1. Which residue pairs have Cβ atoms under 7 Å apart, sit 6 or more places apart or on different chains, and have a first residue in the stretch 127-138 that is more than 15 Å from ALA19 (Cβ to Cβ) and a second that is among the aromatic types (Phe, Trp, Tyr) and surrounded by 18 or more Cβ atoms within 10 Å (Cβ to Cβ)?
2. Name the helices (runs of 4 or more DSSP H) wholly within the stretch 1-95 that hold at least 1 residues that are of a type in the set (A, V, I, L, M), surrounded by 10 or more Cβ atoms within 10 Å (Cβ to Cβ) and at pLDDT below 75?
3. Would you say ALA109 is assigned to a helix (DSSP H, G or I), of a type in the set (A, V, I, L, M) and over 24 Å from LEU138 (Cβ atoms)?
Amino acid sequence: MGEFLTPIQAAGAVLVIGASALAVFAGKKIRFGRGQIYTSIAALAFGIGFTNDAFILSTGVDTPSYLALAFIAPGTLIALTHPGAASRIKETLNITGLKTMVTLCVLNALGAAAIFQAYQISNNAARIASINQTQTILVVLAGIFLLGEKERTPQKIIASVLGFIGALFLISNQF
């Protein structure tokens, strides 16, 4: 894709990774359980997926058409490989759950469309993905202030600030 990493961007990557570790570090011993393994696999898959998306979009594919396929294909694959999952959808289809789900689906689709459009405009997958990862900072802060996740609050806030600084370094084109 013709992109390269500058020293300041490498420092940003180290800051973001360090901030992520700081946000979840709960003691003297680093525990890497099943949840962290699944999250690491998901991060790898999302990274490969975004690189693939960026490559496909760089060929001139229409963003809305690609977005429709990108959203429909995973659901179809899950339905085909886990047909019994459909029976559990009833719980989600009550009025309150449906309103929430539709709202969140619309927000997710708008976010995905914005990311894909941003890539088509800037043609720099690393920079776009780095900016997109500031969502982690927002999730940590929302967990503290909206969900009441109060344990290690100062540590999480420091991690969020370091992550934000790292994200700024990552999007920098200096040096």
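1. Partner pairs satisfying both residue conditions: ILE128/TYR119; ALA129/PHE50.
2. 7-24
3. No: the conditions fail for ALA109.
The values are calculated or read from the model by the stated rules, or taken from the named source; none is laboratory data. These numbers were taken from a predicted model, which means no experiment stands behind them. Note that we place each Cβ from the backbone using ideal geometry, even for glycine, and neighbour counts take in every protein chain shown.
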